[in-house]
Amino acid sequence: MQGVDTQRYRPVPADYEARMWDEPKTVLEFGQFTGDEMSRLKDTYAALAMEPDHTRYGWIRTTV
């Protein structure tokens, strides 16, 4: 490969998962990611059963 420094990049070790500590493993597992703010907001929005409003707010540039 041209332009790629092959000395910098090495293959991922076969035991890379065993080398990680527990915190990154839980962050990367998205199924357990239910306590975040965005999930709570999505659940609240779904419970309100409102139609989405796709109106754009703000300034619109009309001249170039």
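List, in order, the whole-Hz ³J(HN,Hα) value for each residue of region 40-57 obtained from phi through the Karplus relation with A = 6.51, B = -1.76, C = 1.60 and θ = phi - 60°; use x for Gly and Pro.
5, 5, 4, 5, 5, 5, 5, 5, 6, 6, 8, 6, x, 9, 9, 6, 8, 10
Read phi for every residue in region 8-20 and hand back ³J(HN,Hα) as whole Hz from Karplus 6.51 cos²θ - 1.76 cosθ + 1.60, θ = phi - 60°, with x for Gly and Pro.
Once θ is set to phi - 60°, the couplings for region 8-20 become 7, 9, 10, x, 5, x, 5, 9, 4, 5, 5, 7, 7 Hz.
Between E37 and Y57, what's the calculated FRET efficiency when r is the beta-carbon distance and R0 is 25 Å? Round to 0.05.
Efficiency, rounded to the nearest 0.05: 0.70.
What nm distance separates the two modelled labels at L48 and V4, each placed 7 Å from Cα along Cα→Cβ?
Computed distance between label sites L48 and V4 equals 4.7 nm.
Taken together, the values in this text are just the output of simple stated rules run on the coordinates, not laboratory data. Small disclaimer: the values here were computed from a predicted structure and weren't measured. All Cβ positions, even for glycine, are placed from backbone atoms using ideal geometry, and neighbour counts span all protein chains on display.
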